[in-house]
Each structure stands twice: as C-alpha cells, then as structure tokens.
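Chemist: First, the structure itself, so that you have it in front of you.
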Amino acid sequence: MALRTIRKMGDEILTKPCREITEMKHRTKVLIRDMLDTMYESNGVGLAAPQVGILKKVVVIDVSEEGDCPLVLINPEILELSGEQTDQEACLSVPGVSGAVTRANYAKVKAYNEDMQEIIIEGEGLLARALQHEIDHLSGILYVSKVEGELQPVPQEE
Ligand code: NI
C-alpha cells in the first residue's frame, strides 16, 4: 500500500486544470492504486488526481458502505445532469469543515476505465454528488466556491 500526501486548500495545484490521459502507462496505473489507498485510508468517498499533486484527469470514487466498490474514471465528462439536491459536502483537501451545496440529483458521465475502454456511469444522490465534486476538481474547482452560507466545523477523527 502506498499513500500519497493530500494537498490542502491554498495549494495552487488545486486551482489548475488537468490534462487528459491519452494512453494508459504504468505510471498512471500506480497513481490509480495509490489514489485508492489514500482515499480509503482517509475514509473519503472520492479523490481526484490534483489532490495528490498530479494534474491529470483521473478520479476515484467509492460511495459504498463497505468501501468495496471502487470506481476509476479516466477523462470523465458529464453528459447529463438533472434534478436537484442540497446536502452537506466535504473534501479531503479542506479538512475539518463541511458546507451545504446544491447539485444535480442525477448525473450521467462518460469516462474510460483502467483499460481505456469507454464506460458510462449513471448515479443519483451521493454518487451523483461525488461525480460532480470530483469532476470539478479536474477543472480546479473546489466545493467551497459553491457553498451556501458558512462552512461548518466537523469533529476531526483521532
Ligand atoms: Ni474534494
């Protein structure tokens, strides 16, 4: 298991746009493994490559309760959004706080998997939220720019 350092808000890399992956190299496969390890270790439901300092369009998500349903999205692109949901959102790059964000309740996303095969992911609720949050990271957008009202402190894990 290899953990990577999570970049925190204030780090310029989190505000920069990411480049597309054109071919799956060994280096990117290692990045994906490390991102999954880092996400699970931090009890996150998603992580985008710029959060570990890499400006590439790579996202990992797992919204399952058991943490055994990893989704790997290369070059993800939103095809469709509909409905609306407002809920508390948080980010591993903005520790210790959460804030209310309104997002689409349904999202349809086109991406590539680790074998660079095209995949379509559809999700509602938390999965739709995670897809929108993580894909925003690839454009250098943090959820804090979308928060309604104030950020709320959340208890830190020991
Ligand atoms: Ni985030």
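Chemist: Does region 18-37 contain any residue that is within 12 Å of the chain's Cα centre (by Cα) and within 14 Å of the ligand (Cβ to nearest atom)?
Modeler: From region 18-37, those within 12 Å of the chain's Cα centre (by Cα) are 35-36; that's our starting set.
Imposing the further condition that a residue be within 14 Å of the ligand (Cβ to nearest atom) reduces the set to 35.
Yes, that holds for at least one residue.
Chemist: Does region 47-65 hold any residues that are open to solvent by 10 Å² or more (accessible area, probe 1.4 Å) and either of a type outside the set (Gly, Ala, Ser) or under 8 Å from the mean Cα position of the chain (by Cα) (or both), and which are they? Spell out the reasoning first.
Modeler: Taking region 47-65 and keeping what is open to solvent by 10 Å² or more (accessible area, probe 1.4 Å), we get 52-57, 63-65.
Answer for region 47-65, where residues must be open to solvent by 10 Å² or more (accessible area, probe 1.4 Å) and either of a type outside the set (Gly, Ala, Ser) or under 8 Å from the mean Cα position of the chain (by Cα) (or both): 52, 54, 55, 56, 57, 63, 65.
Chemist: Please specify each residue of region 5-45 satisfying the condition of being among the aliphatic types (A, V, I, L, M) and either within 21 Å of residue 139 (Cα to Cα) or assigned to a loop (DSSP other than H, G, I, E, B) (or both).
Modeler: Residues of region 5-45 that are among the aliphatic types (A, V, I, L, M), as a first pass: 6, 9, 13-14, 21, 24, 30-32, 35-36, 39, 45.
Those that are among the aliphatic types (A, V, I, L, M) and either within 21 Å of residue 139 (Cα to Cα) or assigned to a loop (DSSP other than H, G, I, E, B) (or both): 6, 9, 13, 14, 21, 24, 31, 32, 35, 36, 39, 45.
Chemist: Which condition number does residue 80 fail, the rest of (1) closer than 26 Å to residue 4 by Cα; (2) open to solvent by 50 Å² or more (accessible area, probe 1.4 Å) being met?
Modeler: Tallying (1) closer than 26 Å to residue 4 by Cα; (2) open to solvent by 50 Å² or more (accessible area, probe 1.4 Å), residue 80 fails exactly one: (1).
Chemist: Which residues, taken from region 122-135, are in contact with a helix residue (DSSP H, G or I) (Cβ under 7 Å, 6 or more places away or on another chain) and either under 23 Å from residue 54 (Cβ atoms) or within 12 Å of the ligand (Cβ to nearest atom) (or both)? Let's see the steps before the verdict.
Modeler: Going residue by residue through region 122-135, those that are in contact with a helix residue (DSSP H, G or I) (Cβ under 7 Å, 6 or more places away or on another chain) are 123, 133.
133, the sole residue that qualifies.
The values are calculated or read from the model by the stated rules, or taken from the named source; none is laboratory data. In this text the structure is predicted, and so the values were computed from the model without any measurement. Reconstructed Cβ throughout: ideal geometry from the backbone, glycine too, with neighbour counts over all protein chains shown. Please note that ligands, DNA and RNA were not included when accessible areas were found on the heavy atoms of the full protein model with its side chains. Shrake-Rupley method; radii C 1.70, N 1.55, O 1.52, S 1.80 Å.
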